[in-house]
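The values are calculated or read from the model by the stated rules, or taken from the named source; none is laboratory data. These figures come from a predicted structure and were not determined experimentally. Counting neighbours? That spans all protein chains shown, and the Cβs are built from the backbone with ideal geometry, glycine included. Keep in mind that these areas ignore ligands, DNA and RNA; they rest on the heavy atoms of the full protein, side chains included. Shrake-Rupley method; radii C 1.70, N 1.55, O 1.52, S 1.80 Å.
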Amino acid sequence: MTSPDHAFRLDLTPTPSAFHRWWRIDNNYGPGFWYATFNGDTPAEIVAGLTDALIRPEPEEPAPTVADVLTGRGWEHTTSETGSQKLTSPDAIVQVELYVSPSLGVMGWEIEAAHHHGDHGPEQRLWRAHLDAATPAHLLAAVAEAISNPTPVLRARFKINDSAHLTQDVEFAIGAEVVGAHKQRLAEARRHRPKPHLTTTAVAAPPIPSTAPPARPAR
């Protein structure tokens with residue numbers, strides 16, 4: 001998909017493994033090029049956090065940082081001597097890391113969800129995302145908001161992951177709820193869609209004949 005002004009592009013490339021990168025969003029190789037990727041198991045609400053922010057007008061006020069958003073919701077925040085940052089969710093499932101290389105500088109944001117994060121890396125990975133270091137601040141903030149949003153999500157009975165950290169509400173029919181939420185998001189997206197500019201072209205009127213045309217026989 002390409003935005004109407006050709007400024008942004010979204011590619012969805014499913015693969016046999018959902019852990020591979022399925023989603024890629026970028027600014028179509030424009031000035032200040034940036035990109036973001038999400039694997040196939042990334043919750044739709046998190047991908048939508050970026051795409052919904054992308055179609056809205058860029059805010060005039062400076063966006064909060066990723067650290068500000070997440071620490072405001074109780075995430076643990078640590079920094080290293082090189083400037084790298086790591087934020088961990090209260091349930092220890094999601095880690096958000098900004099890696100800063102001593103030789104290459106800022107390498108971007110890595111977001112990874114797993115049942116357990118040990119000394120040798122994540123175990124039983126759930127999903128993963130990467131956001132380029134040049135990703136605009138308001139888009140980074142939108143993804144951070146989506147990751148830490150405490151609002152319950154709608155899932156079908158057999159789409160629920162088995163986890164000790166998961167709490168479930170009373171079961172109910174969610175078909176109409178899913179459709180309603182989807183329609184609401186579409187309506188919000190259309191509300192921010194740029195309106196087409198109407199143009200008119202003047203057409204010269206045919207010249208008025210100086211004499212009446214000759215009479216023709218009736219058919």
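Remarks
- Overall dimensions of the range 1-133, expressed as equivalent-ellipsoid semi-axes from the Cα gyration tensor (√(5λ), whole Å, largest first), are 25, 20, 15.
- Per-residue ³J(HN,Hα) for the range 50-65, Karplus 6.51 cos²θ - 1.76 cosθ + 1.60, θ = phi - 60°, Hz, x for Gly and Pro: 7, 5, 5, 5, 5, 8, 7, x, 5, x, 6, 7, x, 6, x, 6
- Packing, as the average of other Cβ atoms within 10 Å across residues, places the peptides 62-71, 135-144, 11-20 in the order 135-144, 62-71, 11-20, highest first.
- Database remark: amide H of PHE8 closer than 5 angstrom to the amide H of SER3 (H placed geometrically; neighbours at sequence offset of 5 or more, or on other chains; Pro and chain starts carry no H).
- Solvent-accessible area per residue, Å², over the range 1-65 with all protein chains present [probe radius 1.4 Å]: 61 Å²
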